[in-house]
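What follows is calculated from the coordinates using simple rules that are stated; it is not laboratory data. Computed from a predicted structure; not experimentally measured. No Cβ is skipped: glycine too gets one built from the backbone with ideal geometry, and neighbour counts run over all protein chains shown.
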Amino acid sequence: MDFLRILTEPQTTGPLWLTLKTLAAAGALHLVGGVLIGYYLTSGKGFMRSATDFLVTLPLVFPPIATGFILLMLLGRAGLVGSVLPVDMVFSFPGVVLASFVAGMPLMVKPVEAALRGDVKRLAEISHVLGKNRWQTFWLVLLPGIRRNVAAGWFLALGRSLGEVGITLMLGGNIIGKTNTLSLEIYNAVFSGEFDRALVLSAVIGAFSLTIFIALKRLSAV
């Protein structure tokens, strides 16, 4: 097997570049959305917070392919949401990013939520006594206090996004040269009998996963 030749082929570099762009976009969304949603879930009670918690947690317990189908129905051109959106989410790069975002969101939100419900909550109470408002407390006290949890959740979300298949398959469509990420391309390679290329693609994803694992180990050791 010529590892370097397969690695530099357009059939490999295309999905690799798409995956990197997807991780960059979804990672930014996780970092912002995950922290804000985690904070929102711990800042009070009510039906909307319970509904948000349910929707965030759903991808952990609901089959990815079924989650992707629901999003397809909602975001398609004739869907309840897709019919009013200014961009096409289905079978497009934004759809691939959304699939990665949805898949990784629980692993980002839950560590943040757990940290905000822990000892750092006492620091928030002290901050309020000292006259800081809610957002000052969040930015100056809470966020620095949970930065390791945020980092750990972010790496876990990236790892989940990297291996996402089911939601992406339904929402992105696995269009060659457009929405076929590394994970989907492994499936394509195996389906077409290109086992050497599937092995190379798996090795690339393995390298990413190992990097994430090392980062998590270092965070837990600090």
Which of L72, L199, L162 moves the most in a Gaussian network model of the chain with Cα springs under 10 Å? L199
To the nearest 10 degrees, the tilt of helix 47-61 (Cα long axis) against the first principal axis of the alpha carbons of the chain is 30
Using a Gaussian network model of the chain with C-alpha springs under 10 Å, which one of F69, F191, F47 is most mobile by mean-square fluctuation? F47
Label points 7 Å out from Cα along the Cβ direction at S220 and R148: separation in nm? 1.2
Give a residue-ordered list of calculated ³J(HN,Hα) values for the range 136-141 (Karplus: 6.51 cos²θ - 1.76 cosθ + 1.60, θ = phi - 60°; whole Hz; x for Gly, Pro). 5, 5, 4, 6, 9, 10
Which lysines have a Cα lying under 18 Å from the Cα of K121, excluding residues fewer than 8 positions away in the same chain? K45, K110, K132
Among all the lysines, which ones have a C-alpha under 19 Å from K178's C-alpha, if same-chain residues fewer than 8 places away are not counted? K21
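With each run of n ≥ 4 DSSP H residues scored as -39500 (n - 2.57), what mean residue ellipticity at 222 nm is computed for the chain after dividing by its residue count and rounding to the nearest 500 deg cm²/dmol?
Numbers: 12 runs with 159 residues, N = 222.
Computed mean residue ellipticity for the chain: -23000 deg cm²/dmol.
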State, to one decimal in nm, how far the label point of F62 lies from the label point of I175, with both points 7 Å from Cα in the Cβ direction. 2.5
Pulled fully out, how much extra length does the chain show between L4 and R117, if you take 0.36 nm times their separation in residues and subtract their Cα-Cα distance? 35.8 nm
Value of relative contact order over the range 16-170, rounded to a whole percent, pairs C-alpha under 8 Å and six or more apart: 37
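Want the number for Q11 to S202: 0.36 nm per residue separation, take away the alpha-carbon distance, what's left? Don't skip to the answer; put the middle values down first.
Working: separation 191, 0.36 × 191 = 68.76 nm, distance 1.39 nm.
Taking Q11 through S202 to full extension adds about 67.4 nm, to one decimal.
Contour minus end-to-end for F191 and V81, with contour as 0.36 nm per residue of separation and end-to-end as the Cα-Cα distance? Don't jump to the answer; show the numbers that get you there.
Working: separation 110, 0.36 × 110 = 39.60 nm, distance 3.36 nm.
Roughly 36.2 nm would be gained on extension.
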